[in-house]
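Colleague: Pasting in a structure now, in structure tokens, and then I'll have a few things to ask.
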Amino acid sequence: MQQILKRRGPLSTYNELTARCLYACSQIVTCATDKNLSMWDVQVGERVRKYRGHQTFVNACDVARRGPQLLCSGSDDGTLRVSKT
């Protein structure tokens, strides 16, 4: 397996749990134990945006297949968040 993302900081803060493609897989979104969602540029291999707001681990994320470009995330804090990509 080829590593496509560069990580900065301690590895313990980047335990990605789910990854989803968007924009024809030119970018991916991951959710992680660092309480955030991250958008990554696949070509460059770096994070381009961080979505904050959950109080604990983010366990799930997905993107809208049609309509407005929305990102949905669910966390151990019992909340569901919807953000514009």
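Colleague: Under 7 Å by Cβ, and 6 or more places apart or on different chains, what pairs join a residue from region 66-85 that is on the phi < 0 side of the Ramachandran plot with one that is among the hydrophobic types (A, V, I, L, M, F, W, C) and assigned to a loop (DSSP other than H, G, I, E, B)?
Modeller: Cβ pairs passing all conditions: L70/A64; S75/F57; D76/F57.
Colleague: A further question on this structure: Would you pick out the residues in region 24-78 that are surrounded by 19 or more Cβ atoms within 10 Å (Cβ to Cβ) and of a type in the set (D, E, K, R)?
Modeller: Scanning region 24-78 gives a single hit, D34.
Colleague: Is it the case that Q3 is in a loop (DSSP other than H, G, I, E, B) and either at pLDDT 85 or above or touching a Leu at 6+ places or on another chain (Cβ under 9 Å) (or both)?
Modeller: So Q3 does not fit the description; no.
The values are calculated or read from the model by the stated rules, or taken from the named source; none is laboratory data. Because the structure is a prediction, the values reported are computed rather than measured. Note that each Cβ is placed from the backbone with ideal geometry, even for glycine, and that neighbours are counted across all protein chains shown.
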